[in-house]
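Report on the following structure.
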Amino acid sequence: MTLWRIRATVADRPGFLSVLTASLALRGVNILTVQVHTTEAGAVDDFLVDAPAELTADDLVAAVERGRGRNCWVTRSEAQGLADQPTRVLGLAGRLVRDPDALGESLRSLLSADSVTWRPVSGVPVPEHGAGAMRLPDPHGGCFEVFRTAPSFTPAEYARAQALVDLAGAAVRQAAERVTLVLPDGAELAVRPATPDDLPGVTAMHARCSARSLHRRYPALGRPTADRLRRLLSPAHGVTLLALAAETGDGRPEQVVATATLTAEGLLAELALLVEDGWQRRGLGGALLRRLVGYGTRAGYAALLAHTSADNVAMLRILDRMYRPGAIDRDGNLMTLTMPLADPRVTSRQRGLPTPAPETPAAVAEA
């Protein structure tokens, strides 16, 4: 007996799958596993079968076509194909949790792809897939291009690949980006990406901030609502970092003392910062800004925008010293600074994009 993989499209109507399986059974073919992928063209059935040794690929194609299957693809399989597909996917997921950098190799294994290539891109890559190609954004920046001559990718395979990409991104954010920050005065803080579960801690930090600090962070809104804070913790495009003071000797848990947010639209990204009053002017704001700039550079954005009040001298000095803003616009007391990112993947034309006027600008609070 010989192991084969067979993929064919069958009309998504009652009884048609049984006609196909009966046609295979007449040739002595034993179906070991089957997966059904729903597509607009019909149900794509993926079989792992054990066939008599004398049967050829052409024989199997003929049996499928007699069973009303179409677009048939047949190839020999190895013993590892017997592994249960959900178990195999869980194994790849476990590997990514331990090593997020193995994403490309995991995608190739998951999809039995001919090649998986990482490429840099300008701006935020758009996920897409076609018959024999996928384009998936890399959590580290750039994107993965996945190619397979045959069979064509199905929506279910694309969804699995995207789930692995999302998992790798979560692993990177929760593990690789969690760092211990030591300030010049010796204070130690943990810095990590925010999650929706951080809403109570972030709300409590806002309650401790002075009206002056909140106005500099939210000049057009005043104190933010719980819904707005929830959205800031999980921006659709970008990242929010939290700085947490370490546990104290009396057993109190970590406490959020600063938030740093980068939100993007197209090639431009806006950064915003809020540092609790007692932690200002200690170097924390500058450290968080450097991490946001690093994130924006890896993601391929053309420029970063910062909105701050003209009397926020400390923040203006940090931005000028570290990033030398390329353009400064002023609207009353509100200043908008544009900082081009030094990234060779971004063209000079893209760097010259005009600065949009935000409807409700998010300002940078004092560092």
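The values are calculated or read from the model by the stated rules, or taken from the named source; none is laboratory data. No experiment lies behind these values; they were computed from the predicted model shown. We place every Cβ from the backbone using ideal geometry, glycine too, and count neighbours over all the protein chains shown.
Looking at this structure, is Val74 in contact with a helix residue (DSSP H, G or I) (Cβ under 8 Å, 6 or more places away or on another chain), assigned to a helix (DSSP H, G or I), modelled with pLDDT of 80 or more and under 20 Å from Leu24 (Cα atoms)? Answer is no for this residue. With respect to (1) closer than 18 Å to Val239 by Cβ; (2) at pLDDT below 80; (3) β-branched (Val, Ile, Thr); (4) surrounded by fewer than 22 Cβ atoms within 10 Å (Cβ to Cβ), the lone exception for Val364 is condition (4).
The residues of the stretch 271-282 that are of a type in the set (Asp, Glu) and either on the phi > 0 side of the Ramachandran plot or surrounded by fewer than 20 Cβ atoms within 10 Å (Cβ to Cβ) (or both) amount to a single one, Asp277. If you check Ser23, Ser18 for being surrounded by 13 or more Cβ atoms within 10 Å (Cβ to Cβ) and assigned to a helix (DSSP H, G or I), only one passes: Ser23. Would the stretch 40-48 turn up any residue that is assigned to a helix (DSSP H, G or I) and in contact (Cβ under 8 Å) with a residue 40 or more places away in the chain? No, the stretch 40-48 contains no residue that is assigned to a helix (DSSP H, G or I) and in contact (Cβ under 8 Å) with a residue 40 or more places away in the chain.
Being more than 13 Å from the chain's Cα centre (by Cα), over 26 Å from Trp73 (Cα atoms) and at pLDDT below 85 is a description that does not apply to Pro125.
Here's a check for you: in the stretch 199-235, which residue that is free of Cβ contacts under 8 Å to residues at least 12 places away in the same chain and either within 26 Å of Val182 (Cα to Cα) or within 28 Å of the chain's Cα centre (by Cα) (or both) is surrounded by the most Cβ atoms within 10 Å (Cβ to Cβ)? Going through the qualifying residues, I end up with Arg231.
Could you please let me know if Ala264 is closer than 23 Å to Gly142 by Cα and modelled with pLDDT of 70 or more? Yes: the conditions hold for Ala264. Filtered by the rule that a residue be modelled with pLDDT under 75 and either buried (at least 19 other Cβ atoms within 10 Å of the Cβ) or aliphatic (A, V, I, L, M) (or both), the stretch 326-342 gives a lone residue, Ala342. Between Pro193, Pro200, Pro184, the distinction of being modelled with pLDDT of 85 or more and touching a helix residue (DSSP H, G or I) at 6+ places or on another chain (Cβ under 6 Å) belongs to Pro193 only.
Checking each residue in the stretch 226-249 for being at pLDDT 90 or above and hydroxyl-bearing (Ser, Thr, Tyr) picks out only Thr240. Taking the condition over 20 Å from Val182 (Cα atoms), of a type in the set (Val, Ile, Thr) and crowded, with 21+ Cβ neighbours inside 10 Å, does Thr297 pass? Answer is no for this residue.
Each residue in the stretch 175-198 was checked for being loosely packed, with under 12 Cβ neighbours inside 10 Å and either in contact with a Phe, Trp or Tyr (Cβ under 8 Å, 6 or more places away or on another chain) or of a type in the set (Ser, Thr, Tyr) (or both), and 1 pass. Taken together, the criteria place Ala113 among residues that are at pLDDT 90 or above, closer than 30 Å to Val44 by Cβ, buried (at least 16 other Cβ atoms within 10 Å of the Cβ) and within 23 Å of the chain's Cα centre (by Cα). Exactly one residue out of Leu273, Leu288, Leu316, Leu292 is assigned by TED's automatic domain parsing to the domain that holds Leu233, modelled with pLDDT of 60 or more and assigned to a strand (DSSP E or B), and it is Leu273. Condition first: surrounded by fewer than 14 Cβ atoms within 10 Å (Cβ to Cβ) and of a type in the set (Lys, Arg). Now tell me which residues in the stretch 32-88 satisfy that. Result: Arg70, Arg76.
Might you check whether a residue that is under 20 Å from Thr180 (Cβ atoms) and β-branched (Val, Ile, Thr) occurs anywhere in the stretch 236-245? Checking the stretch 236-245: at least one residue is under 20 Å from Thr180 (Cβ atoms) and β-branched (Val, Ile, Thr).
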